[in-house]
Amino acid sequence: MFTAITHSQIYVLDQDDALDFYVGKLGLEVNTDADLGIMRWLTVSVPGHPDRQVLLERPGPPRLSEETAEQVRELLTKGATGGFLIFSTDDCRKTYETLRAKGVEFTEEPTERPYGIDCALRDPFGNSIRFTQPKA
């Protein structure tokens, strides 16, 4: 059967702004940036881990009708599309401070949890992001 998950997808309103945030601020790297004619295929991944990519997709054709895409854009800006990413880090507090210094706005500061330390933010489009320092 299946051997891996290779791609996940979240919606973004502007792919260039998404690159600025995900690469420029969060430190991910571009895996693929290709004009397919019908859409721009833009994926990012954690540096050194190209086997797990996130597609930063603009809502619209060919996958969605323009009417549906508009509804998705409205829900996205409210944080209601269900887009969600969770990253791991070796030092949650240090990563938090590094990202705050880059202007990233957080919805939750680093907090001790039964599974480790984690915190939360939203990307500029409304997607939820968490990163966790797992318990050793």
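For the reader, a short list of remarks on this structure follows.
- Flag for residue 6 being over 18 Å from residue 130 (Cβ atoms) and either surrounded by 11 or more Cβ atoms within 10 Å (Cβ to Cβ) or polar (S, T, N, Q) (or both): yes
- Restricting the search to strands (runs of 3 or more DSSP E) fully inside region 26-93 and requiring at least 2 residues that are surrounded by 12 or more Cβ atoms within 10 Å (Cβ to Cβ) and among the aliphatic types (A, V, I, L, M) gives 40-45, 53-57.
- Applying the condition of being part of a helix (DSSP H, G or I) and over 9 Å from residue 124 (Cβ atoms) to region 9-25 and asking which residue is most open to solvent (accessible area, probe 1.4 Å) yields 16.
- Of all residues in region 121-132, those satisfying the criterion of being assigned to a loop (DSSP other than H, G, I, E, B), out of contact with any Lys or Arg (no Cβ under 8 Å at 6 or more places or on another chain) and open to solvent by less than 50 Å² (accessible area, probe 1.4 Å) are 123, 125, 127.
- Test: residue in region 37-49 that is under 20 Å from residue 83 (Cα atoms), touching a helix residue (DSSP H, G or I) at 6+ places or on another chain (Cβ under 6 Å), among the hydroxyl-bearing types (Ser, Thr, Tyr) and modelled with pLDDT of 95 or more: no
- Residue within region 84-94 that is modelled with pLDDT under 95 and under 16 Å from the mean Cα position of the chain (by Cα) present: yes
- Set side by side, the residues 135, 102 differ, and just one is open to solvent by 20 Å² or more (accessible area, probe 1.4 Å) and in contact with a Lys or Arg (Cβ under 7 Å, 6 or more places away or on another chain), which is 102.
- Test result for residue 113, open to solvent by 80 Å² or more (accessible area, probe 1.4 Å), among the charged types (D, E, K, R) and out of contact with any Lys or Arg (no Cβ under 8 Å at 6 or more places or on another chain): no
The values are calculated or read from the model by the stated rules, or taken from the named source; none is laboratory data. Keep in mind the model is a prediction, meaning the values are calculated, not measured. Every residue, glycine among them, receives a Cβ derived from its backbone with ideal geometry; neighbour counts consider all protein chains shown. Ligands, DNA and RNA are stripped out before the accessible areas are found, and what is left, the full protein with its side chains, is counted by its heavy atoms. Shrake-Rupley method; radii C 1.70, N 1.55, O 1.52, S 1.80 Å.
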